[in-house]
Amino acid sequence: MGSAITSHFNLALYPQDAHLASTCVALAQANFKDQASEYLLGENAHPHVTLCQFQANGEQLESIWSEVEKLGLEPESLALRFHHFYIKPGFHFHKDKYWLGLAMSATTELMALQKALHSLLEKMNIESPTLPQSYFPHLTLARCHTLDYAHPPQIKELPTLDIWQQDFVFQVSLGRSNEFGVYLERLKIL
């Protein structure tokens, strides 16, 4: 990667539990495969909870991760719980779509972590559209067309794992993504 060429990246929470990750993929595939538009969890879209999306070059990426490591985050402190299913209309270049997924409980620790990472990027003059004042912690399952918005996709198959009654451990990670926020590849993890 040339130092002047920027790509899309994501500082995100990655599920430590592989069974949780596969459950989220199965849930997305079983319920939204037919309506999904450019975002559906699966082989090329890893489950994650976005903290900050951004664009950077290779040189900046190493500096960013070095600063993240200096924060001294403990994975055990990021035990989070899913709160509810959500459907949100898209805006800007997503305006003809809507998003579906699992909302997370917005714990004090999670909100503070997101704010700290956003500030870290800001200090490095790297813009992130993931603003602390409007941060909505969630795990996206799919982005769907609004053509059938009068009849949005129904949850036909519930998760095999009881995701509502327990905390799951997530680890801060750095991943390559695309312009839609699809987490394509995990590059680093704490």
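The values are calculated or read from the model by the stated rules, or taken from the named source; none is laboratory data. Note that the structure is a prediction, hence the values are computed from the model and not measured. All Cβ positions, even for glycine, are placed from backbone atoms using ideal geometry, and neighbour counts span all protein chains on display.
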Please enumerate the residues belonging to the range 167-183 that are out of contact with any Gly (no Cβ under 7 Å at 6 or more places or on another chain) and either in a strand (DSSP E or B) or of a type in the set (Asp, Glu) (or both).
ASP167, PHE168, VAL169, PHE170, GLN171, VAL172, SER173, LEU174, GLY175, ARG176, SER177, GLU179
Of the residues LEU121, LEU139, LEU147, only one is outside any helix (DSSP H, G or I), modelled with pLDDT of 95 or more and not charged (D, E, K, R); which?
LEU139
Can you spot a residue in the range 78-101 that is over 18 Å from the mean Cα position of the chain (by Cα) and closer than 29 Å to ASP162 by Cα?
no
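Quick grid of which residues meet (1) touching a His at 6+ places or on another chain (Cβ under 9 Å); (2) outside any strand (DSSP E or B); (3) in contact (Cβ under 8 Å) with a residue 40 or more places away in the chain:
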position: ALA21; (1), (2), (3): yes, yes, no
position: VAL25; (1), (2), (3): yes, yes, no
position: ALA30; (1), (2), (3): no, yes, yes
position: GLN55; (1), (2), (3): yes, no, yes
Being in contact with a strand residue (DSSP E or B) (Cβ under 9 Å, 6 or more places away or on another chain), buried (at least 22 other Cβ atoms within 10 Å of the Cβ), more than 14 Å from MET124 (Cα to Cα) and of a type in the set (Gly, Ala, Ser) is the requirement here; does ALA28 meet it?
yes
Looking only at the range 108-142, filter to residues that are out of contact with any Leu (no Cβ under 8 Å at 6 or more places or on another chain) and among the charged types (D, E, K, R); which one of those is surrounded by the most Cβ atoms within 10 Å (Cβ to Cβ)?
LYS115
Take the range 49-66 and flag every residue that is over 17 Å from SER177 (Cα atoms) and under 20 Å from the mean Cα position of the chain (by Cα).
none
